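*Asks:* Input: one structure, supplied below.
The values are calculated or read from the model by the stated rules, or taken from the named source; none is laboratory data. For clarity, every value in this text was computed on a predicted model and none was experimentally measured. Note that we place each Cβ from the backbone using ideal geometry, even for glycine, and neighbour counts take in every protein chain shown.
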Amino acid sequence: MSEKREVILEAKYITRKFPASHGRTLLANDDISLKMYKGETLGLVGESGCGKSTFMRFLVSLDKPSEGEILYRGTDITKLHGEKLRQSRQNVQMVFQDPALSFNPKMIIRDIVCEPLMNFKKIKKSEKDAVCRKLLEMVELPGDFADRYPHNMSGGQRQRVAIARALALEPEIVVLDEATSALDVSVQKTVIELITKLQREKNITFGFICHDIALVQQVAHQIAVMYLGNLVETLPGSELSSKAMHPYTKALMGAVFDIHMDFSKPIESIESEAPSPLDLPKGCPFQGRCEQCMDICKKEKPQMTEVEPGHQVACHLYGGKK
Ligand SMILES: Nc1ncnc2c1ncn2[C@@H]1O[C@H](COP(=O)(O)OP(=O)(O)OP(=O)(O)O)[C@@H](O)[C@H]1O
């Protein structure tokens, strides 16, 4: 990885609490700090409900954290309102899992792709056709698709349209929320190749949310592993197979990689389910499923501790005290 990495977004001590039944509170994000670097992909991985989407929604200003800051090029976007907030939305765009649900089925692709440009008055109506064709070609779709409706396209093609739309405003950051998860493996591969190519050409920063750690490893320069609202490990994507330390990261990997693992202890895949985020135990959130749980894990919550530059882990096996 390059020495001169440029931080363009920094999340600091992000916490999100949701009110729950019987006066209880659900802690969907607990003290999350992460950095995103120019032209790199941050992969956020963890089981369903661990808080990945909650976190990424802050980056696109779809929600505000209960506590903490999101600094985009030094400006805390959680504090923006009105026109400043509207303008800042251009910098970070999002692609969701199922574009069929987010696209208006009555709109043709030209209007869907050009809508952000029209909203920000970046182009005139007369320019829409040419601009749309160019954006479709960028995502390797025929320009003629501009006249189609979303339901006349395959899932993979619709996802390419969603990427074209997200890139229309030339954002610095694009968040992909399980954007390839609903696609067939072969289609998934071509969309991943497209994303990688666009990143190389345009130096885009991607946030890649995915529950599939094998897929995240293929695309992410940096991987952040979440468990029940907590970050448990962050490490370079290229070091996942050789240097992952947290028992949860290893268990996630054990569930998908059968061979080429090089850990001294056998890895058990996770069979039990995560506890409810409403009934979090005192101490480490992973204690109930951890093969290596110790006394201290039931008493004290481990803190993220740097084990190597770019590699942090929250586990008492490796320190993890304040
Ligand atoms: N608006 C909300 N109100 C109440 N609880 C919420 C809200 N949004 C999310 N949650 C809860 O916060 C927790 C984290 O949800 P989130 O969607 O961020 O998880 P996730 O890791 O993205 O999961 P998935 O992959 O299934 O989308 C879950 O327990 C969820 O039920």
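*Asks:* Filter segment 42-51 down to residues that are of a type in the set (A, V, I, L, M, F, W, C) and within 16 Å of D31 (Cβ to Cβ) and give me whichever is nearest to the ligand (Cβ to nearest atom).
*Replies:* Applying the filter and picking the extreme gives C50.
*Asks:* Separate question: For residues that are away from the ligand (no atom under 16 Å from the Cβ) and part of a strand (DSSP E or B), tally how many sit in segment 52-98.
*Replies:* Total satisfying the criteria: 7.
*Asks:* Would you mention how many residues in segment 145-189 are farther than 23 Å from V219 by Cβ, outside any loop (DSSP other than H, G, I, E, B) and at pLDDT below 95?
*Replies:* Total satisfying the criteria: 3.
*Asks:* Let me ask something else about it. Of the conditions (1) at negative phi; (2) not in a helix (DSSP H, G or I), G49 clears all except one; give me its number.
*Replies:* Result: G49 fails condition (1) only.
*Asks:* Say whether the condition of being in a loop (DSSP other than H, G, I, E, B), at pLDDT 95 or above, more than 23 Å from the chain's Cα centre (by Cα) and away from the ligand (no atom under 16 Å from the Cβ) is met by at least one residue in segment 302-310.
*Replies:* Looking for residues that are in a loop (DSSP other than H, G, I, E, B), at pLDDT 95 or above, more than 23 Å from the chain's Cα centre (by Cα) and away from the ligand (no atom under 16 Å from the Cβ), one finds at least one in segment 302-310, hence yes.
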